[in-house]
1. Being assigned to a loop (DSSP other than H, G, I, E, B) and either polar (S, T, N, Q) or farther than 9 Å from Leu199 by Cβ (or both) is the filter here, so list the residues in the stretch 168-187 that pass it.
2. Somewhere in the stretch 93-111, is a residue in contact (Cβ under 8 Å) with a residue 60 or more places away in the chain and either surrounded by fewer than 18 Cβ atoms within 10 Å (Cβ to Cβ) or under 17 Å from Thr196 (Cβ atoms) (or both)?
3. Determine, yes or no, whether Lys11 is crowded, with 18+ Cβ neighbours inside 10 Å and in contact with a Pro (Cβ under 9 Å, 6 or more places away or on another chain).
4. May I ask you to list the residues in the stretch 189-217 that are assigned to a loop (DSSP other than H, G, I, E, B), in contact (Cβ under 8 Å) with a residue 12 or more places away in the chain and within 22 Å of Ala41 (Cβ to Cβ)?
5. Please list, ordered by first then second residue, the pairs with beta carbon atoms under 6 Å, 6 or more apart or interchain, first in the stretch 149-170 and under 18 Å from Gln92 (Cβ atoms), second of a type in the set (S, T, N, Q) and part of a helix (DSSP H, G or I).
6. State all residues of the stretch 23-79 that are surrounded by fewer than 15 Cβ atoms within 10 Å (Cβ to Cβ), under 20 Å from Lys113 (Cβ atoms) and among the small types (Gly, Ala, Ser); if no residue qualifies, say none.
7. Which one of these is at pLDDT 90 or above, farther than 24 Å from Arg156 by Cα and not in a loop (DSSP other than H, G, I, E, B): Val26, Val82, Val36?
8. For the structure I just gave you, tell me whether Phe186 is at pLDDT below 90 and under 25 Å from Tyr64 (Cβ atoms).
Amino acid sequence: MALIEAKNIIKTYITGDEHFNALNGVSLSIEKGEFVAIMGASGSGKSTFMNMLGCLDKPNSGTYVLDGINVTDLNLNELADVRNLKMGFVFQGFNLISRTTALDNVQLPMIYKGIEEEERVKRAYEVLEIVGLKGREHHMPNQISGGQQQRVAIARAIANDPPLILADEPTGNLDTKMSIEIMNFFVKMNEEMGKTIVLVTHESDIAEYCKRVVHFKDGSIISDEVKRK
């Protein structure tokens, strides 16, 4: 069953008298449990499409069904609820709150979900241990390495146990060793936790970890390759 069903997505930006299509009728279906890389040069439309998948932007036309929910016409509050319940985000810049401990950063999505404090704290400890940060729960972001900060971000992304993880250049600020570590954890999330992962990257070695690679160019999909097992 498809977790993501995007059909004929068009996104147009207007600059003065100019109309620019960032997405030209993109259609893409992603099944539950897939691990998909979205690739393309700067300006290819990959980041715009990722924003659509993350309900951070809305298309001018076309439909987007996420886990059986047609999110195309939802209002801002409804979109926020979908983001909180259905997806976790991992960004290149980590996006942690700088004066807040790892434990408190991980609790944020659970606060928005309305989970009681005792359960929130218990779950935060659990997911930080899953990502290998047991003993670092009370460290601030500036007290841990970039790779560890990204692990906190991953723990935050899985805190509400969403079916979908969206990762935008998650290794972009990391060295090679840390990148390998983080990508191995994404593989673990996919294979052992059953998470569907969509990952934007411009690096072919990072895309190698994924099971399917979709290439964008000039707002359209030009190739869609499923790797042989």
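The values are calculated or read from the model by the stated rules, or taken from the named source; none is laboratory data. Being a predicted model, the structure only gives us computed values, none of them experimental. Neighbour counts run over all protein chains shown; Cβ positions are idealised from the backbone, glycine included.
1. Thr171, Gly172, Asn173, Leu174, Asp175
2. Scanning the stretch 93-111, I find at least one residue that is in contact (Cβ under 8 Å) with a residue 60 or more places away in the chain and either surrounded by fewer than 18 Cβ atoms within 10 Å (Cβ to Cβ) or under 17 Å from Thr196 (Cβ atoms) (or both), so the answer is yes.
3. Answer is yes for this residue.
4. Hits for the stretch 189-217 are Thr201, His202, Glu203, Tyr209, Cys210.
5. Filtered contacts from the stretch 149-170: Val152/Asn105; Arg156/Asn105.
6. Gly68, the sole residue that qualifies.
7. Unique residue meeting the criteria: Val26.
8. Against the criterion (at pLDDT below 90 and under 25 Å from Tyr64 (Cβ atoms)), Phe186 does not qualify.
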